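Report on the following structure.
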Amino acid sequence: MSTPKKFASQADLEDKQVTFTRLSEHAYAYTAEGDPNTGIVIGDDAVLVADTQATPAMAADVIRRIREVTDKPIKYVVLTHYHAVRVLGASAYAPQEIIASRETRDLIVERGEADKASEIGRFPRLFRNVETVPAGLTWPTLVFEKAMTLWLGQLEVRILQPGRGHTRGDTVVWLPRDRVLLSGDLVEFDATPYAGDAYFQDWPQTLRNIAALKPHALVPGRGPALVGEQRVAQGLEATSAFVSDLYASVKAGAAAGKDLKSVYRETYERLQPKYGHWVIFDHCMPFDVTRAYDEATQYPDPRVWTAERDRVMWETLES
Ligand SMILES: [Zn+2]
């Protein structure tokens, strides 16, 4: 903690190795050593993509991999939540529909512009080709509440909100026949959950709701695809443990009347031995503790992150 840390992921400039894995008859995972993942579903007559990558330039590599296994049209893009690093690549797919929950659309309306500026500052490598992102925001064309079903020919695709966690609009894609789940950032593996927009008190129950579906494979938001019920359980448990450990530490500090900076230092020291090896740990911790402190004190809903608020917070906690 003594050497000053570069803001967010600004020191992370090394390219990652992409893996494109078949998980079942219809599902593939595009993963990249802890960078944001994309899940792919290939139905009888069309392809669905869940989470798009940060830019159309990055999405072009996903499309290239899809074209190695199918020539069916990519008709559907699902936004698991509103974060720029997941949605701004959407235009590359030229989809027929961009699907999101009502809460996710509301978040885009309320804080999409602020989040776009904020995330471009946090992730210079992912947004290297930011000029390929069209002006404005990515807007859902098909909005659902709680759950919807899409039939790709005879393949049933459930698109549903298992509860709040990473954001209030969190959406997962579930293939009941293949028992594959695309979780977005509700689940991470060997990668630190970002919780700057989170609902800490809801997140563990939301993960139990996902576990109740009994997935045989799961594509997390970051990290390798989890194949087999045991690996899926590991991913769900590790994410839940991080969220619970962090919130318990922050809540205790806040209840004792400690200020945010003291709580941050204590929580960092407490969590580092167990989770410090996870990707983007140092990036996430200041945001996660700030949000947890808010939730434990006076803000039931996450406050909007702007590029400026990011910097002020970082200066305060890391100086
Ligand atoms: Zn996210």
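A few comments on the model shown:
- Identity of the residue in region 163-192, within 22 Å of V289 (Cβ to Cβ) and of a type in the set (V, I, T), that ends up nearest to the ligand (Cβ to nearest atom): T167
- Of the helices (runs of 4 or more DSSP H) lying entirely inside region 56-152, those carrying at least 1 residues that are open to solvent by 30 Å² or more (accessible area, probe 1.4 Å) and in contact (Cβ under 8 Å) with a residue 12 or more places away in the chain are 56-69, 102-122.
- Checked against the criteria, E266 counts as surrounded by 15 or more Cβ atoms within 10 Å (Cβ to Cβ), over 16 Å from A195 (Cβ atoms) and in contact with a Gly (Cβ under 9 Å, 6 or more places away or on another chain).
- Residue match in region 230-240 (condition: under 21 Å from E295 (Cβ atoms), surrounded by 24 or more Cβ atoms within 10 Å (Cβ to Cβ) and either among the β-branched types (V, I, T) or in contact with a His (Cβ under 6 Å, 6 or more places away or on another chain) (or both)): yes
- Flag for T267 being touching a Ser or Thr at 6+ places or on another chain (Cβ under 7 Å) and free of Cβ contacts under 8 Å to residues at least 40 places away in the same chain: yes
- So P215, is it more than 16 Å from the ligand (Cβ to nearest atom), within 19 Å of the chain's Cα centre (by Cα) and either open to solvent by less than 10 Å² (accessible area, probe 1.4 Å) or more than 26 Å from V41 (Cβ to Cβ) (or both): yes
- Looking across region 153-166, the residues that are part of a loop (DSSP other than H, G, I, E, B) and open to solvent by less than 40 Å² (accessible area, probe 1.4 Å) come down to G153, Q161, P162, G163, G165, H166.
- Look at (1) within 16 Å of the ligand (Cβ to nearest atom); (2) in contact with a Phe, Trp or Tyr (Cβ under 9 Å, 6 or more places away or on another chain); (3) under 20 Å from Q17 (Cβ atoms); (4) of a type in the set (A, V, I, L, M) and you find that I63 fails only one, number (1).
- Qualifying residue in region 167-184 (condition: open to solvent by 20 Å² or more (accessible area, probe 1.4 Å) and within 16 Å of the chain's Cα centre (by Cα)): yes
- Lone qualifier among D301, D202, D288, D245 - being of a type in the set (D, E, K, R) and exposed (fewer than 15 other Cβ atoms within 10 Å of the Cβ): D301
The values are calculated or read from the model by the stated rules, or taken from the named source; none is laboratory data. On a predicted model such as this, the values are computed, not experimentally measured, just so you know. We place every Cβ from the backbone using ideal geometry, glycine too, and count neighbours over all the protein chains shown. Calculation scope for accessible area: heavy atoms of the full protein, side chains included, ligands and nucleic acids excluded. Shrake-Rupley method; radii C 1.70, N 1.55, O 1.52, S 1.80 Å.
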